[in-house]
Amino acid sequence: MNIDEAIEAATGQSITIQSPGTVANMVCGFDILGMALNDPFDIMTVKLIGEPTVIIHNADDFGLPTDPQQNVAGVALLDMIERLDNKTGFEITIEKRIMPGSGIGSSAASSAGAVVAANRLLNHFFSNDDLVQMAMLGEKLASGVKHADNIAPCIYGGVTLIRSILPLDIISIPSPPLFVTLVHPQIEVRTEDARQILRKQILLKDAIKQWGNIAGLVTGLMKSDYDLISRSLEDVLIEPVRSILIPAFAEVKSKSMEAGALGGGISGSGPSIFMLSKDEATALAVEKTMQEIYTPTGIPFHTHVTTVNTKGVKPMN
Ligand code: HSE
């Protein structure tokens, strides 16, 4: 089926997908590592329409822009329309369950979810790497910078290494079962600001530590070596700067480790904190610890206990 036939067959058709939250950086891999989660996720319906335009409906109360030029899913789909020589367009309905600004890949879930759903309607005309390129335009709109460490795991599922974005080089990393506990303190940390405050130059001795940890984490995941994963969940570059923005960060981390977590840190650019555990009982104990720390602060917060989503964006049953 060529693209004209695919467009003709799908016009008027729609698909509903769920698009997962993601944890970018995975502590030591700033901008190059990310993993997809089974919970939370957004729900999105995408319909192919005759006009080369994007019509956006919000099915939640977040009040995100419906002008496609100002919407992360909108800019990704506008790029797809351009690549299709303006032969089609899309109407989308977005129900966000991943809170915008949580650090759990909310913008990536919207932009990646939209292009994956559209591509399914188009009989998989585009490659996954094409979809990553389109969805990264959403990240650029959201944070001023193209980064793929939320987009890639959202589209590919599992843990992904983004070895390079120019040219794009994404590698799926196998991982042993991992339980993820997240706490989202509802304070505002804008990704753009959380990037601005980072040091632009680093010391060689810190770089050596960091790339040792990245290599250790990837090896630990591939060999299902939980001790190595645990030892490698260390960030000497980003966390010392960004953690200042997150109340009780050090306490959450140290008490979660006492509760048995393998390790963890800031999810993406924050404010959410994630911790990895080997089994569900430990992940639930970590959740309890997080609740005990945040409740007395009076800061509203949510917690999630989940696992690694190995499929990425997927159609709803
Ligand atoms: N790698 C990006 C950052 C992820 O840490 O700024 C943002 O979600």
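The table for this structure:
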read-out: Members of region 103-136 found to be within 30 Å of I246 (Cβ to Cβ) and of a type in the set (S, T, N, Q), listed by number; value: S106, S107, S110, S111
read-out: Which listed residue is within 16 Å of the ligand (Cβ to nearest atom), assigned by TED's automatic domain parsing to the domain that holds A152 and more than 30 Å from R231 (Cβ to Cβ), from V72, V46, V27; value: V72
read-out: Extreme residue, surrounded by the most Cβ atoms within 10 Å (Cβ to Cβ), among residues of region 77-112 that are within 16 Å of the ligand (Cβ to nearest atom) and in a helix (DSSP H, G or I); value: A112
read-out: Where a residue in region 227-249 is within 16 Å of the ligand (Cβ to nearest atom) and its partner, wherever it lies, is aromatic (F, W, Y) and assigned to a loop (DSSP other than H, G, I, E, B), with Cβ under 7 Å and at least six apart; value: L237/F30; I238/F30
read-out: Enumeration of residues in region 208-258 that are hydroxyl-bearing (S, T, Y), within 19 Å of P177 (Cα to Cα) and in contact with a helix residue (DSSP H, G or I) (Cβ under 6 Å, 6 or more places away or on another chain); value: S232, S256
read-out: Long-range neighbours under 9 Å by Cβ, at least six apart or interchain, first residue in contact (Cβ under 8 Å) with a residue 12 or more places away in the chain and on the phi < 0 side of the Ramachandran plot within region 92-117, second acidic (D, E) and within 12 Å of the ligand (Cβ to nearest atom); value: S107/E139; A108/E139; A108/D149; S111/E139
read-out: Subset tally (residues that are of a type outside the set (S, T, N, Q), away from the ligand (no atom under 16 Å from the Cβ) and surrounded by 18 or more Cβ atoms within 10 Å (Cβ to Cβ)) for region 1-24; value: 5
read-out: Residues of region 155-204 satisfying the condition of being touching a residue at least 12 places away in the same chain (Cβ under 8 Å), in a loop (DSSP other than H, G, I, E, B) and within 16 Å of the ligand (Cβ to nearest atom); value: I187, E188, V189, R190, I197, L198, R199, I202
read-out: Subset tally (residues that are within 11 Å of the ligand (Cβ to nearest atom) and not basic (K, R)) for region 121-151; value: 10
read-out: Tally of residues being of a type outside the set (S, T, Y) and closer than 30 Å to Q186 by Cα across region 214-252; value: 23
read-out: Selection within region 56-76 - surrounded by fewer than 20 Cβ atoms within 10 Å (Cβ to Cβ) and part of a strand (DSSP E or B); value: H57, N58
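The rows are residues; the columns are (1) among the aromatic types (F, W, Y); (2) out of contact with any Lys or Arg (no Cβ under 9 Å at 6 or more places or on another chain); (3) more than 30 Å from H184 (Cα to Cα); (4) modelled with pLDDT of 95 or more.
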site: T45; (1), (2), (3), (4): no, yes, no, yes
site: G63; (1), (2), (3), (4): no, yes, no, no
site: N71; (1), (2), (3), (4): no, yes, no, yes
site: A76; (1), (2), (3), (4): no, yes, no, yes
site: G89; (1), (2), (3), (4): no, yes, yes, yes
site: G105; (1), (2), (3), (4): no, yes, no, yes
site: A109; (1), (2), (3), (4): no, no, no, yes
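The values are calculated or read from the model by the stated rules, or taken from the named source; none is laboratory data. Remember, predicted model here, so these are calculated numbers, not experimental data. Glycine gets a Cβ as well: all are built from the backbone with ideal geometry, and neighbour counts include every protein chain shown.
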